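Okay, so here's the structure we're looking at.
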Amino acid sequence: MDIRHATKKDAAQIAEIYNYYVTHTHHTFETEPVEASEMEARIEEVSNGYPFLVAVDDGNILGYAFAAQFKLRQAYEHSAEVSIYVKNDAKQRGIGTRLYDRLFTELNETLTHAILAGIALPNDASIAFHEKLGFKKVAHFREVGYKIGRWVDVGYWELLPEA
């Protein structure tokens, strides 16, 4: 398996992975599938300032992870929010850990100080994954999204550099 930067050519496979979560879970708050052309634009936008990585095995994308500025105000410029999605049938193979390891390595080469991850709740697997990597829960917002016929909470986990 190779971890590399995403390109526009990856957009269709990335959209396919993401759209599983859009249509079958509450893990993303998008409710309509994303077209490959929209994913191309997202890859380009993110890649202008942050890493957008894919895990590839024999030409097949098994997962992706990216970072983006947490909020747009200037004082947030050293904080990044990360997202990760692994193909539903490729979970529990270390793909997510390898993606985040590379993503964090690249973020450490920048002026990024705080890394944040928003998790739609409940999501025990994502919580365990992030906490295994050192993230700590710092916020919980109740009923901020409505998807699949119910209100959804969102928690935020933060990873700070070790002192």
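Remarks
- The single condition among (1) out of contact with any helix residue (DSSP H, G or I) (no Cβ under 9 Å at 6 or more places or on another chain); (2) within 16 Å of ARG4 (Cβ to Cβ) that LEU53 does not satisfy is (1).
- Scan of the range 2-37 for residues that are aliphatic (A, V, I, L, M), in a loop (DSSP other than H, G, I, E, B) and under 28 Å from THR105 (Cα atoms), ordered by number: ALA6
- Residue in the range 145-152 that is of a type in the set (A, V, I, L, M, F, W, C), more than 22 Å from MET1 (Cα to Cα), crowded, with 17+ Cβ neighbours inside 10 Å and under 13 Å from the mean Cα position of the chain (by Cα) present: no
- Residue within the range 102-111 that is of a type in the set (Val, Ile, Thr), at pLDDT 95 or above and under 11 Å from LEU53 (Cβ atoms) present: yes
Each row is one residue, and each column tells you yes or no for (1) free of Cβ contacts under 8 Å to residues at least 40 places away in the same chain; (2) surrounded by 12 or more Cβ atoms within 10 Å (Cβ to Cβ); (3) in contact with a Pro (Cβ under 6 Å, 6 or more places away or on another chain).
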position	(1), (2), (3)
ARG73	yes, no, no
HIS78	yes, yes, no
SER83	yes, yes, no
LYS91	yes, yes, no
LEU121	yes, yes, no
ARG142	yes, no, no
GLY155	yes, yes, no
PRO161	no, no, no
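The values are calculated or read from the model by the stated rules, or taken from the named source; none is laboratory data. Quick caveat: nothing in here was measured; it's all calculated off a predicted structure. Using ideal geometry, Cβ is built from the backbone for each residue, glycine included, and neighbour counts are taken over all protein chains shown.
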